[in-house]
Every structure is written in C-alpha cells, then in structure tokens.
Amino acid sequence: MRDDVEMGQSQANPGEHRPLPPEWRHVREAIYADAETYGRNAAHFIKVYRRASGEAPTFREFFQELVPEMALLRFDPGHNSARRNSVRQTFMRDIAFALLRAGWIDFGRTNRSLQTGPRAKYMPPCGIHCNSAHFITQREWAVNIRKFTQRIHNLHELVELGSLTRRAAEYLRMSVLAGQNILVSGATQTGKTTMLNALLSCARPSERVVTVEETFELDFAAPDRVAMQCRQPSLEGTGEITLRRLIKESLRMRPDRLVVGEVREAESLDLLIALNSGLPGMSSIHANSARDALSKLSTLPLLAGRNIDSGFVVPTVAGCIDLVVHLELRKGHRRVVELLAPSGNVTSGVIEASAIFALDGGQLEPTGSYPTRTVKFEAAGFDPARVLAP
C-alpha cells in the first residue's frame, strides 16, 4: 500500500504529510503474507482495487475495509508492549502502534484540548474513534479504537444483511418521511449509529438536518446538513460546550429535523422540549428493551434539576416519541428485534405502547397491532395499514 497516504496529515498541521513509520512495513508485509487470518481478505481487496484504479489502496481505504470494527488494547509504555484480547487483534495491535508512532494518535498533543481528567478522546482523520484511559488504570493505558462501518448507507443494505425485513424497512421509511420522532435503543455495539445513518438516508433532500453529538459519529449524505459536537473544557476549566447548549443552539438554525446522537444525562430534557415543539427528531439511547428505553427516557430528564417532576416528563415522552426501534446483538449478528409505537396515553405512570413489529420464528414480522396516532402518516399521504396488513 502507498506510504504517502492522506492519513499522514497531523491534527496540528493539516497540510503536513507524514509518511508511515518503519514499523508499518512489518504490518504491510504481514498483510500480504498472512493468508490464514487477514491475508486472503487483504489480498483480494488489494487485487480488486488495483484492477479498478491501477494503484494500491490508501491506508484509509484499507482500514475501512479490513480492520475490525472495535478493538480494546492495553498499552504498557514502560515495556513498549501491548496485551491483546484475542489472536485476531495482533493485526490491530500493529496498526495501533503504527498510528501512535506516526503521530496520528498523539495523546501528548491532544490532551491539552481534549483531556478530561484521566481520559482523552481523539478522532483521527481515518474514520475511527480513539479513547484512552490512563492514570486510573492499574498498570497500562487502555486504548479503545472503534471503527464505524461505511459500507451500510441505507435501509435496503440492512435488509440484505438480514438485520430487518423488507416490510419493517418500508414502515421505517414511511415513518421517517412522515416526520415521526424515532428513538433507537439497544446495548453497546448493537448498531444504533448505523441505524440512525440508515434512517436519515430516507429523509427528503430538501430537509435541513441538524445533528448534535458528543463526538462526530453520524455519517450520512444530506445536501443541507449542520453537524455540531461538544467541546470538553480546557485544563483551566474554560471553553466547555455541552450537549444541552448545542441542542438549544440547534433550534435557532431553522432545522427541519433534529438528530441527537445519544442521550445519557440531562440533555434528554432539552431533546424532549425540542420534540414537543413540533420538530421531527431522532436520537439513540442505551436500553435493554424498547419499553425500558421509554422508561429510561422518562427518568434521565430528572437529572436536570430538582424542579423537574416526573408528572411533566412521563406525559411528554408519551406524546413526543412516535416509534422506538430496538436493536440487539445475537451471536455476532446485529438485528432489529422490535418496533414499538407509544399510544400517547399514560396509565398509572406507565406509558402505553404496542409492538408493531416483533420477532416471530426468528423473523421480524408485523404483530397485527396498528399505531394509535396516524395523523402524521395521513398528513404525509401514507397508509401504514398497507404495510402492516397480514
């Protein structure tokens, strides 16, 4: 592969190209030689790429195709070694050391602006997300490298992968076009960000989509898109920009759709207030089930202050959220397991909701229930019964 890749630009000097260090040669040779693990896939990808373009792929292109989606590495700076969780991460370890030595992941330089206590976050320009923890770990640095797949761009590709059925994908497409407020739930690594990207691909090109995230993760094509991310405070404790502030600022940008990458704390209150103003929106949340997602979204706003009462929050969640898409990771396969539609009513403090799609014999099928609120569907000219009818 080419050594003068565009990924050789440092964060401090974007115009400065850094060639890959000598350590990368070992990684490159292993890629070509190791036919049992990565060699076959690597050789095939390089062969196809060369046939199409006449040259070897760049580091960015190779990284997106072959590097595992997630790897957790523990570095011992004193011994200059890394312990790996599996044999497969030998390749990832060499990649990480090459990035560190090349200066593409430079914790010494990024700590000044991004460090928050014992943690540091860094987004190198190759489509990956790095998070390091040091000083609080027992012995080594814990470096987490996440790669977000760029091979899934729409619901149709999720259908081809078996993550959901065609009828469920059509219902989701209608929900997005109708301007429904969608909450994507699931545990870690279940594909919530990928699902948000696929849902946003269904939005109309004329819409202005404003995204608000802690770190940039959403990646979708939109002609009119405004992407914002939070900023951690400096070592002096100044310059912080929180997710709550960004949500408030986004409402001044005339958005047609607001997307909050993930709600974890008090920012959920600002999201509910924005959605309650008639603005279509989406967000993701960590939860064990679709109903747990509604319960959690009803609890997180209470962290905003003592003057926030559940008597206000629960009915607001019931009235704002139109659809919950729950994802699970089963035996290494990510899939949608339930589509839940709240009715808007609250009984004894519990939000009433019915499952529109659920797993039946391993397939995501309509349950026979219909969404109670169909005003948005009718205004957009859609009939959900056409998809949900047996």
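Points to keep in mind about this one:
- Of all accessible heavy-atom area on segment 313-390, the percent that carbon and sulfur account for (1.4 Å): 51 percent
- Each label was represented as a point 7 Å from its Cα along the Cα-to-Cβ direction; for Arg330 and Ser277 these points are 4.1 nm apart.
- Computed lengthening from Arg264 to His156, 0.36 nm per intervening residue step minus Cα-Cα distance: 35.9 nm
- The packing ranking, built from the mean of other Cβ atoms within 10 Å per residue, places the peptides 328-335, 224-231 in the order 224-231, 328-335, highest first.
- Portion, in percent, of the accessible area of segment 217-273 that falls on carbon or sulfur, probe 1.4 Å: 47 percent
- Table column - 3J(HN,Hα) (Hz), segment 195-201, Karplus curve with 6.51, -1.76, 1.60, x for Gly and Pro: 5, 4, 4, 5, 5, 5, 5
The values are calculated or read from the model by the stated rules, or taken from the named source; none is laboratory data. Just so it is clear, the model here is predicted, and its values are computed rather than measured. Please note: Cβ atoms are built from the backbone with ideal geometry, for glycine as well, and neighbour counts cover all protein chains shown. Accessible surface areas use protein heavy atoms only, side chains included; no ligands, DNA or RNA. Shrake-Rupley method; radii C 1.70, N 1.55, O 1.52, S 1.80 Å.
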